[in-house]
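Shown next, in structure tokens, is the structure this report addresses.
The values are calculated or read from the model by the stated rules, or taken from the named source; none is laboratory data. All values derive from a computational prediction rather than experimental measurement. As a convention, Cβ positions derive from the backbone with ideal geometry for all residues, glycine included, and neighbour counts pool all protein chains shown. Protein only, heavy atoms only, side chains kept; ligands, DNA and RNA dropped before computing areas. Shrake-Rupley method; radii C 1.70, N 1.55, O 1.52, S 1.80 Å.
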Amino acid sequence: MKSVTVSSPGKLMLMGEHAVVYGKPCLSTTIDQRLYATVEATDSNFLEIDAPEVKLEGYKKEIKELTKGKIPKGAEYIEYSIKNLYEKYNLSSGLKIQTKSDFSSEVGFGSSSASSVCAVYGASKIFDLDLSNKDVFDVAYKAVIDIKGVGSGYDIASTIYGGVIYYVTPGKVIRNIQIPELDIIVGYAGYKTVTADVVNMVKALEEKYKFAVSNAYDQMEKIVEEGTKALENSDLETFGELMNINQGYLDAILVNDRVLSDMIYAAREAGAYGAKISGSGLGDCMIALAPKDKKKAVIDAINSTKGKYIELKTNVEGVRVETKK
Ligand code: MEV
């Protein structure tokens, strides 16, 4: 039977988080941790999934039962994505998906989005569907909304398109920004709050203080527009300053906390051009951008706080075929 192995990368938010959920643009990049999926046609009526990294082995569901009944967490994104693909493109035959991940298990770099995208992209190759990036996006993003109810979809777009993207939800604009290199320094708080919970908390804050929160979103939009120009001109100093201003608005919507803040100030004091939260906040990650000769000092400064530096490369290729049989 036909088989294909595909892979797609994790992501990191650069600017515009939270505001992007409400129609404002954001900038994000891919990272060099990838999810691999081998997708095989079978002559059964089942979707079979093996995903050992999320402790899922030998999972099986009849195609016509997809998304019905209880679904283990590790199968959710793949099952919903395949169901959406099958419905949209009138497919019904059996499929086996085996994943392998080099994502770190503790940090939220987007392994669920990557698994959705690998499932859709891999299956599209098995069934010879000639899908564009946007077609893959539409199917995988629908799965995110079906499961989580909220989410801008920037993570799905990042893992498909690769590199650095300028993104407007729900895939209204997805544009690659050409930039030769982007050496982002990442610090991890050591814990994380569920993204949907932080998004809902900010939503409640906006309902109470609309004048302040929607103003913050308007300002973030302008920061992302200026940030895009700065990146396109390889003006990292300006981009760093804009990161700091963006951080001011993330503070204003109350998603900063002590551990993130300590890492951010430590990075700035050690000579970073800029430092800010990356993603939903209240734990998880911060990012810093620094001149090459200050990189080590910034890393040491982050490690001197309660947070820790995570080594990774950004701006890598999006979803791709690895091998085909
Ligand atoms: C989380 O990584 C980024 C948020 O903007 C949520 C989203 O875009 O779905 C907070």
What are the extents of the Cα atoms of the chain along their three principal axes, in Å, largest first? 60, 44, 35
Farthest positive-ward along the chain dipole, Cα basis, beta-carbon charges - from ASN233, THR30, SER304: THR30
How large a share of the accessible area of the chain, in percent, is made up of carbon and sulfur atoms when the probe is 1.4 Å and the other protein chains stay in place? 49
On a 0 to 90° scale, report how tilted helix 210-232 is relative to the longest principal axis of the chain, with both axes built from alpha carbons and the result rounded to the nearest 10. 90
Taking a crude spin-label model, label points 7 Å out from Cα along the C-beta direction, the ASP32 to LYS148 distance in nm is 2.6
Per-residue HN-Hα couplings for region 111-124 [Karplus 6.51, -1.76, 1.60; θ = phi - 60°; Hz; x = Gly/Pro]: 5, 5, 4, 5, 5, 4, 5, 4, 4, 5, 5, x, 5, 5
How much of the DSSP beta bridge set in the chain is antiparallel, as a percent to the nearest 5? 95
Mean projected area in nm² (Cα convex hull; one quarter of hull surface) for region 215-303: 5.4
Straight-line reach check, LYS295, cutoff 20 Å on alpha carbons, 8 or more apart in-chain or any other chain, hits among lysines -> LYS276, LYS306, LYS308, LYS313
Two-decimal Rg/Rh across region 45-123, once Rg and the Kirkwood Rh are taken from alpha-carbon atoms: 0.95
With 13 Å as the cut-off, how large is the P(r) tail for region 1-53, expressed as percent of Cα-Cα pairs? 72
Sequence-distant residues sharing a close amide H with GLY283 (under 5 Å, placed H): ASP257, LEU260
Considering all projection directions equally, how large on average is the shadow of the alpha-carbon convex hull of region 164-221, in square nanometres? 6.1
Compute and list, largest first, the equivalent-ellipsoid semi-axes of region 1-155 from the alpha carbon gyration tensor, each √(5λ) rounded to a whole angstrom. 25, 17, 15
Estimated translational D of region 175-271 in µm²/s (Stokes, Kirkwood radius over Cα pairs; 37 °C; 0.692 mPa s): 217
Whichever lysines have a C-alpha closer than 21 Å to that of LYS208, once near sequence neighbours (fewer than 8 apart) are set aside: LYS24
Sequence order, region 51-56: Karplus ³J(HN,Hα) from phi using 6.51 cos²θ - 1.76 cosθ + 1.60, θ = phi - 60°, Hz rounded, Gly and Pro as x, gives 9, x, 5, 10, 6, 10
Working from Cα positions, state the angle (0 to 90°, nearest 10) between the long axis of helix 195-208 and the longest principal axis of the chain. 60
Along each of its three principal axes, how wide is the spread of alpha-carbon positions in region 5-96, in whole angstrom units, largest first? 45, 27, 24
Mean accessible area per residue over the chain (1.4 angstrom probe, all protein chains present, square angstrom) is 43
Principal axis extents for region 114-168, Cα atoms only, whole Å, descending order, please. 30, 26, 15
Just to be sure I understand: with springs between alpha-carbon atoms less than 10 Å apart, which residue in TYR89, TYR161, TYR217 has the highest mean-square fluctuation in the Gaussian network model of the chain? TYR89
Does anyone have the angle between helix 133-148 and the longest principal axis of the chain? Alpha-carbon axes, 0 to 90°, nearest 10? 80
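Using only alpha carbon pairs under 8 Å that are at least six residues apart, calculate the relative contact order of the chain and give it in whole percent.
After rounding, I find 25 percent.
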Can you give the helix-only mean residue ellipticity at 222 nm for the chain, where every DSSP H stretch with n ≥ 4 adds -39500 (n - 2.57) and the sum goes over all residues, rounded to the nearest 500 deg cm²/dmol? -13000 deg cm²/dmol
If I model region 65-180 as equal point scatterers sitting on the Cα atoms and use the Debye formula, what is log10 I(q)/I(0) at q = 0.11, 0.24 Å⁻¹? -0.35, -1.53
